[in-house]
Every structure is written in C-alpha cells, then in structure tokens.
Amino acid sequence: MYQYTENDQKIIEERVAQFRGQTSRYLAGELTDEEFLPLRLQNGLYIQRLAPMLRIAVPYGLLNSTRLRKLANIVRTYDKGYCHITTRQNIQLNWPQLEEVPEILAQLAEVQMHAVQTSGNCIRNITSDQFAGVAADEIEDPRPWCEILRQWSTFHPEFAFLPRKFKIAVSGTEGDRAAILVHDIGLQIVRNDAGETGFQVLVGGGLGRTPVIGSVIREFLPWQHLLTYLEAIVRVYNRYGNRANKYKARIKILVRAWTPEVFAEKVEAEWAHIKGSPETLTEEEVKRVKAYFTEPAYEALDDASAEASLRNQAQEHKAFSRWLERNTHPHRIPGYRIVTLSLKPTGVAPGDVTDSQLEAIADLADQYSFSEIRATHNQNLVLADVKKSDLFALWQKAKVAGFATPNIGTLTDLICCPGGDFCSLANAKSIPVAEAIQRRFDDLDYLYDLGDLTLNISGCMNACGHHHVGNIGVLGVDKKGEEFYQIQLGGRAGTDAELANVLGPSFGREEMPDVIEKILNVYLENRRGDELFIDTCRRIGLDPFKESVYAKNHH
Amino acid sequence: MPKIIIKDKIVDDKWEVLPKAFLGEPPVNKLLLLPMKYWLEHSENLRLPVLGIWIDSDEEVEDIGEKANMFPVIAINFPSFTDGRGFTAGRLLRERYGYNGQLRAIGHVIRDQLFNLKRCGFDAFQLRDGTDLEEALKSLNDFSVTYQGDANEPNPLFRRDQ
C-alpha cells in the first residue's frame with residue numbers, strides 16, 4: 001500500500017490549513033455562500049437535508065487497519081457512530097458539524113487520508129477494481145497507475161474549475177470490475193505484441209441523466225504518455241465543455257456532439273503540443289510507486305489439504321458453506337481466498353458500517369489479511385488475502401460482528417444511494433425500498449436459486465446507485481410532491497456493460513416488493529437451465545415482464 | 001485608484017478595461033486594455049503608444065498566438081470564478097506562445113484561486129471587490145509543494161531534485 005513521502009504529507013497538511021482558513025472566513029462572513037460552495041465541495045463537504053455530509057476519499061478503495069480505527073474514532077466523536085461506503089469506493093459521514101470539519105480533516109491527515117476532490121467540478125477520486133493485485137485474471141496491477149493519477153490530479157492548477165465533475169477509473173483485468181465503460185475516462189491496461197504496458201483509453205461514458213457507454217479514442221497509449229495524454233483530454237474538455245447548462249456539461253455530451261472520432265482528433269492535436277514534455281512518466285517514477293504495491297509475505301501453502309478441510313467444514317456447517325460460496329472469491333496465490341464482508345444485512349442501510357464494526361474489521365484484517373481492507377463500489381468491504389485454513393475462524397467472527405450475511409452477488413446485495421433520507425438532491429427515498437425488498441426476499445434458498453442478480457437503486461436521476469447498469473434498476477421520481485419508483489430492466493456493468501430499458505409507468509413505494517416478485521417470477525418461468533436473470537431478460541425482452549407487472553392496470 | 005496585486009505587492013491599478021462592445025476611437029492618453037477582438041479588427045489603424053488586450057473566457061488565445069509578446073499586459077477575463085477556462089488560457093500563453101509580459105486575471109476572481117492562477121502563469125490579480133488584499137497575499141503561498149509541472153516550473157515533482 002502506498003505510503004506518503006514527506007512531500008505528500010506536507011501537501012495534505014497544507015490543504016487542511018487552507019480549508020481551516022476558508023471555513024473560518026466563511027463563518028466570519030468574508031466568503032459568500034456562492035463562493036464557499038465550490039471550495040467546500042472540493043473538500044467533499046455538502047450541505048445536506050439535515051446536516052453537512054463529508055465525503056472522505058479512499059483512493060482506489062484501499063484502506064488499512066490503522067485507517068479504519070481512525071475512522072471509527074472519528075465517526076464516534078464527530079458523527080452518530082456510523083459511516084457509509086459509497087458506490088465510488090469512498091466513505092461518507094452524514095452528521096458532521098461544519099465547524100468541526102477542519103479538525104476531522106486534520107485527524108484524517110494523521111493517517112494519510114483526506115477529502116480532496118471528492119466532490120465539485122474537478123477530477124474526482126480515481127477508482128479501480130476491488131480485487132486489484134489478487135485477481136486471478138489480472139494483466140497488471142492497476143493500483144500503481146491509480147496512485148500516479150491521484151498525484152497528477154491532486155490540486156492540478158488548471159483543472160480545479162471544470163465544466164462539471166470528472167471521474168476516472170482504471171481496470172487491470174479483462175473482466176472489468178471498475179465500470180470503466182461508464183466513466184468520463186476509462187483506462188484499460190493492455191499489453192502490446194512486444195509485451196509493453198499501455199492503456200486503451202475510453203472517454204465519455206457516464207450514468208446520470210444521460211447514460212452513455214464510453215467510446216474508445218485510443219487503442220494503445222504507451223504508459224510513458226499517460227499523464228500528457230490525459231492532460232490533453234481534460235484540457236480539451238475544460239476549454240470546450242458546455243458551461244451554460246449543468247445538465248449538458250459532462251464530457252459525454254461534448255464527445256457525443258463532436259462524435260468520438262472528432263473528439264479524438266482534437267485530443268491528438270492538443271497532445272501533439274505536449275507529448276514528450278517533462279510530464280512524461282519516467283521508468284524511475286513508475287518503479288518508485290510500484291514498489292509500494294509489492295506482494296505481501298504470502299506463505300507457501302498446501303492448497304489441496306486446505307481445500308479438503310474446507311470441504312469438510314462446509315459439509316458440517318451449511319451456513320458456512322453458503323458463505324464460502326457467495327462471499328469468497330478465488331485468489332491467484334494457492335491456499336488463499338478473497339473474502340467480501342457483506343454490509344447488506346437486512347435492516348441496515350446498504351453500505352452503512354458502525355464504529356465498532358470498523359474496529360472489528362480492523363482486528364480481522366490484522367489477524368487474517370495483512371492489515372489491509374478494500375472498499376468496493378458495490379458498497380461492501382473486502383479482506384483480500386485470507387488463508388483458506390483461516391476462513392472458518394474468520395467466518396465465525398464476522399458472523400458475530402454482523403457482516404457475514406451470505407448474499408454477495410445476490411438480489412439482496414443491492415446497491416443503494418443514501419436517497420431522500422439524507423441527500424438533498426434526491427427525489428425519493430431509497431433506503432426504505434431496499435429494506436422492503438430485503439425483507440421480502442430473505443429466504444436464502446430462494447436467493448441462491450435466483451443466482452447472480454444485481455439490483456441497483458438511485459433516489460434520483462443523478463444515478464449514484466448506478467440504476468442504469470443494474471439487472472433490475474430502480475429510480476426514485478417525484479410526481480407532484482409524491483415519491484414514485486420507475487423500474488428498468490436488463491442493465492449490466494462490466495466488460496459488456498449495457499444500459500437498462502425502462503419497463504413502464506412507475507410504482508408507489510409499498511407496491512415495490514410485489515412488483516419485484518412478479519419480475520422474478522417471469523424470470524423463473526422463462527429461464528432455460530441455469531440461465532442468469534440478465535440472460536433471460538436479454539433473450540425474452542421486456543414484453544413478458546410488462547405483461548405480468550402491468551396486467552391489473554389494463555383491464 | 002483601484003488596487004491590484006502584481007507579483008506579491010499591492011499597487012495602484014493604472015490600466016483601464018475597455019468594454020467588449022466598444023466602438024469608435026480609444027482615448028490616447030490612457031493605459032488601455034482593449035478587447036482582443038477590437039484589436040484584431042483595428043490593429044492596422046491604431047495609434048496607441050502602449051496598449052494591452054483582454055481576452056474573454058469564450059475566446060481562443062490562438063487568435064493572438066505568436067503576437068502575444070507585442071503587449072506589455074494581457075488580461076484574461078473570468079466572468080465567474082467557476083469558469084475555469086482562463087486557467088488553460090494562461091498556461092497556453094506562457095507555455096505555448098512564450099508570452100513574457102504581464103498576465104493578469106480580471107473579472108470575478110477570488111483569493112482562493114491565487115495559488116492556481118500563479119501556477120498557470122498569472123502574475124497580476126484583480127480580486128473581486130471587498131477582498132482584504134493584505135490577507136489575500138498569503139494565499140499566493142497556500143502550498144509549498146506541488147505535484148504537476150506548471151507555467152513556472154516545467155518539471156513535475158518526480159523530476160525535480162528532492
């Protein structure tokens with residue numbers, strides 16, 4: 001894991017001092033609301049429905065036990081004892097006091113954390129695959145590149161006031177877990193015939209009001225040119241992105257208006273001026289950063305015997321076997337598995353975690369996973385390096401602490417934004433919908449029979465809950481002051497990302513569990529063999545779902 | 001006389017900005033910042049000893065390009081402090097066209113942007129009315145370390161001697 005140099009630390013501390021000054025000038029009336037707004041947003045601070053909301057950056061989702069313990073302490077002292085994992089791998093506090101935010105930032109800086117550029121019209125947190133470095137199908141570890149991009153984008157002097165927010169994601173595997181097709185810039189690590197590392201560059205993807213799948217504008221960008229090429233893209237966007245209408249301001253609108261081909265030409269023309277400039281990466285710098293992401297001290301383990309004992313434990317304990325199947329993933333090192341701690345038990349807002357749970361997870365990470373933890377864009381936490389022989393003991397402890405619900409990848413592992421309970425942008429609440437669905441479908445055998453299925457809920461069209469790429473997407477809408485929910489079907493994230501299609505007229509909140517049940521029944525009646533929900537959905541189209549769901553409305 | 005920050009000093013602002021829609025003959029005995037478009041259209045006939053231009057955020061610095069060094073002062077207008085196009089304009093004038101005269105930020109510019117403006121090549125800053133300029137000077141040095149190369153230091157942190 002990356003460790004700050006003296007310079008990195010100094011930058012973060014100077015940022016704390018700068019924000020402390022801005023906050024006190026605002027409180028003294030020297031900065032207007034209008035002027036303080038983008039300044040605080042660039043530090044992740046929103047003024048929400050009930051209180052400010054502070055979004056803390058978790059660069060590419062990577063945490064360690066020291067950081068979790070610090071966060072536990074912060075949420076206990078300055079908040080109501082819990083925080084929230086977001087769909088961009090960050091962490092949100094829902095109840096901090098504005099006056100106390102500078103102090104929270106100072107404490108975060110002690111453990112090399114910050115809230116830099118977690119909001120505002122600037123380059124946001126760089127996200128990646130939660131299984132980076134341990135995935136069996138990895139071409140190259142994306143994290144060093146993410147860190148290089150983090151440093152390049154941090155306080156970039158030219159790009160602090162872009163037309164709109166700007167999100168970059170990096171994937172190092174063929175199977176994309178970083179959603180690079182729906183980012184402003186998506187980077188896919190590739191190797192050329194000579195075995196050299198480079199990036200396939202996509203631009204103009206995004207969700208929100210106008211969901212778009214990104215377009216490839218360069219098939220192979222040699223790694224040396226990563227920063228200058230991205231500088232060219234963001235510079236073109238900064239100059240020509242729409243600033244008159246915030247709903248048309250994202251880069252996707254510009255790319256679509258110009259066409260990806262023309263956009264690529266503009267970028268190449270700008271890049272021709274700066275290609276080879278000192279911002280060109282050096283082997284030395286890449287080596288320096290990569291040195292922080294070396295393998296932990298894996299043991300040489302007897303995989304066969306570990307597998308045999310796992311099989312025995314699984315046979316004796318059905319609950320363990322379910323957890324093993326759903327909540328653990330293959331690791332590239334024999335004898336290890338990746339464990340996902342579910343933050344989706346029924347009755348808790350998806351992605352919420354308490355101070356004592358944070359501490360419990362920190363303890364588990366220290367004991368079982370080289371003290372490292374990852375946040376996922378599905379709003380769970382991951383222990384990436386657990387010995388198979390430790391899984392049973394870990395499961396027992398995780399169960400006691402409340403995050404061993406064996407539902408990863410199933411219907412109830414749903415993605416859900418904070419919605420109208422917290423967010424002032426929301427048109428409707430999302431957490432109660434999530435809970436009602438979790439309560440209705442709490443039978444594990446039924447869930448497992450449904451198999452892999454994503455259900456994503458957003459409380460408004462800003463799409464923080466990624467509803468466009470859920471197999472089932474739920475979008476909260478406001479009709480004359482009342483909350484309704486629109487359903488979309490057939491979306492998927494990943495390498496072959498597709499956007500969902502709207503099913504039809506929206507529903508009241510209390511109808512939602514019944515509607516979802518009807519949709520699931522259509523799937524169960526139509527699936528062939530072990531066909532997944534998304535495949536059945538794509539094969540049979542929307543009509544059978546419409547017929548079932550709207551049957552009563554049409555007589 | 002209004003005040004302006006030049007480099008790290010607060011001084012009288014002797015330059016006057018002619019509005020974008022200006023027509024007719026500019027007064028001869030004043031230090032004037034002409035709209036870039038006006039200068040491009042009238043440069044043949046102008047009889048002004050010293051003059052500067054100002055460029056609006058929706059205009060292209062390429063239009064002045066190599067001719068930039070004809071002017072002792074070029075101003076970039078920020079219609080709103082959230083309109084970040086001027087940051088790119090500053091860098092292009094300095095880094096692409098080698099402009100070495102005074103580069104000033106005018107319009108709605110706030111103290112909290114001074115550090116970034118300086119890094120994008122600006123050396124004169126007309127801050128919005130009501131700014132405590134003495135206090136604002138501190139923001140020119142909000143950070144002592146930066147990651148990227150910029151208009152003053154072409155090398156990013158990883159290429160500098162550390």
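At a glance:
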read-out: Residues located in segment A:160-171, provided they are in contact with a Ser or Thr (Cβ under 9 Å, 6 or more places away or on another chain) and within 7 Å of chain B (Cβ to nearest Cβ); value: A:F161
read-out: Set A:D445, A:D390: member being at pLDDT below 95, assigned to a helix (DSSP H, G or I), among the acidic types (D, E) and under 27 Å from A:E316 (Cα atoms); value: A:D445
read-out: Segment B:64-123 - residue that is among the β-branched types (V, I, T) and within 13 Å of chain A (Cβ to nearest Cβ) and, of those, farthest from A:I274 (Cα to Cα); value: B:I110
read-out: Extreme residue, nearest to B:Y147 (Cα to Cα), among residues of segment A:282-298 that are hydroxyl-bearing (S, T, Y) and at pLDDT 95 or above; value: A:T282
read-out: Helices (runs of 4 or more DSSP H) lying entirely in segment A:1-113 (those with 1 or more residues that are under 22 Å from B:F81 (Cβ atoms) and under 24 Å from the mean Cα position of the chain (by Cα)); value: A:33-41, A:101-110
read-out: Any hit, segment A:264-273, residues being of a type outside the set (D, E, K, R), farther than 24 Å from B:P156 by Cα and out of contact with any Phe, Trp or Tyr (no Cβ under 8 Å at 6 or more places or on another chain); value: yes
read-out: Of all residues making up segment A:492-522, the number that are at positive phi and charged (D, E, K, R); value: 0
read-out: Scan of segment A:126-135 for residues that are part of a loop (DSSP other than H, G, I, E, B), at negative phi and in contact with a Gly (Cβ under 9 Å, 6 or more places away or on another chain), ordered by number; value: A:D129, A:Q130, A:A132, A:A135
read-out: Residue in segment A:446-467 that is out of contact with any strand residue (DSSP E or B) (no Cβ under 9 Å at 6 or more places or on another chain), small (G, A, S) and in the same structural domain as A:Y550 (by TED's automatic domain parsing) present; value: yes
read-out: Whichever residue in segment A:178-198 is buried (at least 24 other Cβ atoms within 10 Å of the Cβ) and touching a Pro at 6+ places or on another chain (Cβ under 9 Å) and, among such residues, is farthest from A:R250 (Cα to Cα); value: A:A178
read-out: Unmet requirement for A:G541, which otherwise passes all of (1) at pLDDT 95 or above; (2) surrounded by 14 or more Cβ atoms within 10 Å (Cβ to Cβ); (3) not aliphatic (A, V, I, L, M); value: (2)
read-out: Candidates A:I274, A:I253, A:I233 - the one that is away from chain B (no Cβ under 14 Å) and out of contact with any Cys (no Cβ under 7 Å at 6 or more places or on another chain); value: A:I253
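Conditions tested, residue by residue: (1) crowded, with 24+ Cβ neighbours inside 10 Å; (2) within 21 Å of the chain's Cα centre (by Cα).
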site	(1), (2)
A:S389	no, no
A:V400	no, no
A:G409	no, yes
A:P418	yes, yes
A:D421	no, yes
A:N427	no, no
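Matching residues to (1) buried (at least 24 other Cβ atoms within 10 Å of the Cβ); (2) within 14 Å of chain B (Cβ to nearest Cβ); (3) of a type outside the set (V, I, T):
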| position | (1), (2), (3) |
| --- | --- |
| A:V203 | yes, no, no |
| A:S215 | no, no, yes |
| A:T228 | no, yes, no |
| A:R239 | no, yes, yes |
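The values are calculated or read from the model by the stated rules, or taken from the named source; none is laboratory data. Keep in mind that what you see is a predicted model, and the values were worked out from it rather than measured. Here Cβ is always computed from backbone atoms with ideal geometry, including for glycine, and neighbour counts include all displayed protein chains.
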